[in-house]
Amino acid sequence: MFVSNSDNLGASLDLNILSYFAASDAPFMMECCKRTPNDKKGGHLAKRVSDGQLILRESAMCADEDEEAFQDITKHRFFNTNNLWIRLDKLKEIINENGGFIPLPMIKNKKTVDPKDDSSQKVVQLETAMGAAIECFKGATAIVVPRTRFAPVKKCNDLLLLRSDAYTIENNKPVLNPACGGKAPTMALDSKKYKLVGALEAATEGGIPSLVDCEKLKISGLVRMSKGTKFVGNVEITNNSDEAKFVPTGVVTGTLDLTDAVGAGALKPTAVSTAPIAGQKPGTSGLRKKTKEFMGPNYLENFVQSAFDAIKDSGTDVSEGSLLIGGDGRYYNAEAIQIIIKMAAANGVKRIWVGENGLMSTPAVSATIREKGPIWQKAYGAFILTASHNPGGPDEDFGIKYNCENGGPAPDELTDDIYAKTISIKNYNICSGFPTIDLAKPGVTTVAAEDGSSEVSVEVISTTESHVNLLKTIFDFGAIKALLDRPDFSMVYDCMHGVNGPYAKEVFINQLGQSEDVCMNAVPKDDFNGGHADPNLTYAKELVAIMGLNRKGEVIETNGHAIPSFGAAADGDGDRNMILGSKFFVSPSDSLAVIAANANAIPFFKSQGGLKAVARSMPTSGAVDRVAKDLNFDLFETPTGWKYFGNLMDSKCIYEGTDYTPFICGEESFGTGSDHVREKDGIWAVLAWLSILASKNPDASKPLVTVEDIVTAHWKKYGRNYYCRWDFEGVEKSKAVGMMEKMRSEFEQNTGKKIGSYEISCADDFAYTDPVDGSVATGKGIRFLMADGSRIIFRLSGTAGSGATIRMYIEQYEPEKISAVASEALSGLVRLALDLSAIKEFIGTEEPTVIT
Ligand code: VG1
Ligand code: CO
């Protein structure tokens, strides 16, 4: 049996050594190397005087007064490489003799409880070492092997050597470069400054210097090196300043004091000390809090630093490609962007893209990550500054989230790691001297380090270009324009003063040639003009009235005002949509089902051979399920939040699994989208509806087939899922949690219970196993599933900036009765839901804040 350390890159199963070992008849053989000054601190092989047995002595076993003798490499000439050869029959004998184990000597090591943190609790670590087993095998032997069999990476000294040209790769193994003349350069990096690998990584961000002609390299203090430097002979570098100084390029030899050398100037990073701030756990879609909280000392900085640390730990090299930053334009957007730029520069980001005026909608961020090139500049991720539909302004909400390379929201694994880092953060990095970027001016600003060591570029890019270009490849703009140009067709799109305005104007005015009045409230405002940029019947009041409806979706008297044929609205960050026909509201769940049923009206789907799969979040109504069954699409039911759709869309292209694309997904909360991006996409849904309308109205001389006609025909074919959601906002958190807990405790007694005309066939908590990567999400909503297919669902919102919001979802399917008023059709189930939750007992009211 051959055993070795996993960090020894020279350990291979060498057949010559194996043959020698087999022929030797020894029970155990250790590969040793000659000790050089580099290895004097490590353990060595010794012969026990009393019986001549070979034994291993580790430095931790050596008394302080013996240290000098211990480190004498002329006396103790060999050290253990931990490449060990063991005869299994002898091993079995020893194990049997000793009652099931090998009596290894105990080694005592002084460490800190967090090995990465010197200031953490000191502990004594007791360990036994594999190599020490040599003393247990009578007749054990050792052979001296060339240094090439020992390439361990234990300290930054070793790692720097190994990464340099002092080593080459032969037969997949690093071997000492013959040009070194058989002896590796002696490395003496400042042990305090380069204890952890992160420090070495930071020092060699500019590349690894040449060491092949170096005899000894001693570095005291912080430096930054680059691949342009060649150390020759005996080199000693000192830097007594507190800033890491750049080692000049070219040949460097002899002693060099960098203490007074110029520093990085604007690119000088500072580690600012901070302390964890409670409550920075990202929710359904990022971290959302009161703006004032976000503006508090270190609040944004802590989260952003934790995100950078987690992103790097996940294996992303932030110095490659680009980092995108954009936001929905709410209060504090621009200041936050400047802070993130300065922190990005200090965390090693080299190229930053920012949306013009700091604006970029959530779907446009996703599109830009995926589409904007060239390939070597492609974004690996983005910070989106948004609290979406939550109100904005100094007294309202602010938010931030991170999206990954696929363009989608960070998965749970990453957001959990970000959160873990927020609770142990000690410092954040910032280049405080980095200039403030003029976000109103498109173009590139390049900031170079004074010492020439590196450069960071910030490019202010078009807010709309990548996204609108993508939309043009998805839809038939010609067909949509023909519909819009019909004299009997008119539309209005309410951007609610969110970030969607620029996109709506680009698409409808510039590309489709419509008049300005198609776009309402299309100038982004940092407080959404005091409104609630949430596209539903309650908050999109102005539009709803124009379309001839009230907040309950009932038809109102419009005193002869002309009502547009089509109305739509977007939320603060442009990912939600509400679809309205003349005097007609389309529920988001129905909208999803209608788009899925008519996907072939959209070239993106048709050209790929039609839709393959659909998905909806659990609380979304099952209307789309009937379409999936009818048209034979795969169907998925996921927890709330867009991040759960991402894996399904990436199943083939990232996970090499089943291809579910082309794919459409949606949520009851006015979110719809497809695999063209990895976020819901408000303007996409609007164009999808216009495409369907265009396809149903090929002949302009015939009467218009309306939104209402399309939905009614859909219900006639598939039946109707009556649906509503009641939100109870601003509830005290403990009360909301108490209510949920009570329902959980009653699952058993409620299952099988008959109440009035309903029978609860199952009461449970929704859990989801991701079919693509197997990850499990639990506690995703309480469900009461009725025997007749009706459902009652309760969840706590994961996007509330403060307090708690209870969401109650009600659904009832009717195959035939399609023309009832939703609130009436659902009144029985609503009553039951209010009773089952005992909501009045907990929060003192049964009156919701919003009904959608
Ligand atoms: C809400 C919606 C959910 C949506 C999320 C983000 O989450 O219910 O469907 O994905 O907002 O949308 P919650 O946890 O509050 O129910 V957006 O447009 O605010 O980013
Ligand atoms: Co949104």
With only helices counted (DSSP H, runs n ≥ 4, each -39500 (n - 2.57)), the per-residue ellipticity at 222 nm for the chain, to the nearest 500, works out to -7000 deg cm²/dmol
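Given the C-alpha atoms of segment 685-833, compute the convex hull and give its volume per residue in Å³.
Here the figure is 183 Å³ per residue.
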Per-residue counts of other Cβ atoms within 10 Å, averaged by peptide: what ranking do you get for 128-140, 309-321, highest first?
128-140, 309-321
Over 5 Å intervals from 0, what percent of Cα-Cα pairs in segment 108-160 sits in each interval?
4, 13, 11, 17, 19, 16, 11, 7, 2
Mind checking the angle between helix 412-422 and the chain's longest principal axis? C-alpha axes, 0 to 90 degrees, to the nearest 10.
60
Quick one: if the Förster radius is 35 Å, what FRET efficiency do Q377 and T769 give, using the C-beta to C-beta distance and rounding to 0.05?
0.40
14 Å cut-off, amide nitrogen to a point 7 angstrom out along E236 Cα→Cβ, residues in segment 152-195:
188-190
Spin-label model distance (nm) - D630 vs K216, 7 Å beyond Cα toward Cβ
8.4
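Can you compute the FRET efficiency between T36 and T128 using 1/(1 + (r/R0)^6), with r the Cβ-Cβ distance and R0 = 30 Å? Round to the nearest 0.05. Intermediate values should be presented prior to the final figure.
Details: r = 27 Å, r/R0 = 0.90.
Using R0 = 30 Å, I get an efficiency of 0.65.
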At the level of C-alpha centres, the distance separating segment 507-574 and segment 429-481, in angstrom, is 30
Selection of chymotrypsin sites (Phe, Trp or Tyr not before Pro), segment 367-440, meeting DSSP coil and at most 14 other Cβ within 10 Å:
none
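Determine by what factor the alpha-carbon radius of gyration of the chain differs from 2.2 N^0.38 Å, reporting the quotient.
1.17
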Which links in K40/K110; K193/K426; K173/K230; K372/K421; K116/K155 stretch past 22 Å when you go from one Cα to the other?
K173/K230; K372/K421
Taking Cα atoms, how many degrees apart are the long axis of helix 682-696 and the longest axis of the chain, rounded to 10 and kept between 0 and 90?
50
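Please give the contour-minus-distance gain from T141 to E841: 0.36 nm per residue of separation, less the Cα-Cα distance, rounded to one decimal in nm.
Length difference between fully extended and current span is 244.1 nm.
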Convex hull volume per residue in cubic angstrom - Cα atoms of segment 131-237
133
Cα-based Rg / Dmax (Å) for segment 533-663:
17.2, 59
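When only DSSP loop residues count, what chymotrypsin sites (Phe, Trp or Tyr not before Pro) in segment 711-764 have their Cβ near at most 12 other Cβ atoms within 10 Å?
Passing sites in segment 711-764 do not exist.
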Out of segment 140-172, which trypsin sites (Lys or Arg not before Pro) are coil in DSSP terms and have no more than 14 other C-beta atoms within 10 Å?
K154
As a test of the definition: which semi-axes, in Å, follow for segment 562-617 when you take the square root of five times each eigenvalue of its alpha carbon gyration tensor? Largest first, please.
24, 14, 12
Rounded to whole Å and ordered largest first, report the semi-axes of the equivalent ellipsoid of segment 1-95 derived from its Cα gyration tensor (root of 5λ).
26, 17, 12
Going 7 Å from the Cα of I102 in the Cα-to-Cβ direction, what parts of segment 134-161 have a backbone nitrogen less than 18 Å from that spot?
134-143
Where a label projected 7 Å from the Cα of V251 along Cα→Cβ would reach, residues of segment 157-181 with amide N under 20 Å
165-166, 179-181
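Where Rh is the Kirkwood radius over the Cα pairs of segment 668-728, the temperature 10 °C and the viscosity 1.306 mPa s, what D in µm²/s does Stokes-Einstein return?
The Stokes-Einstein estimate is 113 µm²/s.
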Sorted on mean Cβ neighbours within 10 Å (highest first), peptides 771-780, 805-814 come out as 805-814, 771-780
Can you give the angle from 0 to 90° between the axis of helix 88-97 and the longest principal axis of the chain, with both taken from C-alpha atoms, to the nearest 10?
90
Fraction of alpha-carbon pairs in segment 48-184 farther than 26 Å apart, rounded to whole percent, equals 43
Evaluate segment 392-453: find the radius of gyration of its Cα atoms, find its Kirkwood radius, and give the ratio Rg to Rh.
1.05
Under the √(5λ) rule applied to the eigenvalues of the Cα gyration tensor, what semi-axes describe the equivalent ellipsoid of segment 468-548? Give them in Å, descending.
24, 16, 10
Chain lengthening between D72 and D416 when straightened (0.36 nm per residue, less Cα-Cα):
118.9 nm
Please give me the summed charge of the neighbours of F633: other residues whose Cβ is under 12 Å from its Cβ, Lys and Arg +1, Asp and Glu -1.
+1
Bin width 10 Å, origin at 0, all Cα-Cα pairs of segment 365-521: what percent of pairs per bin?
8, 24, 34, 22, 9, 3, 0
Where does each of 750-756, 262-268, 504-510 land if you order them by average Cβ count within 10 Å, highest first?
504-510, 262-268, 750-756
Cα pair count fraction exceeding 21 Å, expressed as % - segment 315-395:
27
Quick check: Cα centre of segment 137-203 to Cα centre of segment 635-662, how many Å?
44
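We did not get these values from a lab; they are worked out from the coordinates using the rules stated. Because the structure is a prediction, the values reported are computed rather than measured. Because the Cβ atoms are built from the backbone with ideal geometry, glycine has one as well, and the counts that use them run over all protein chains shown.
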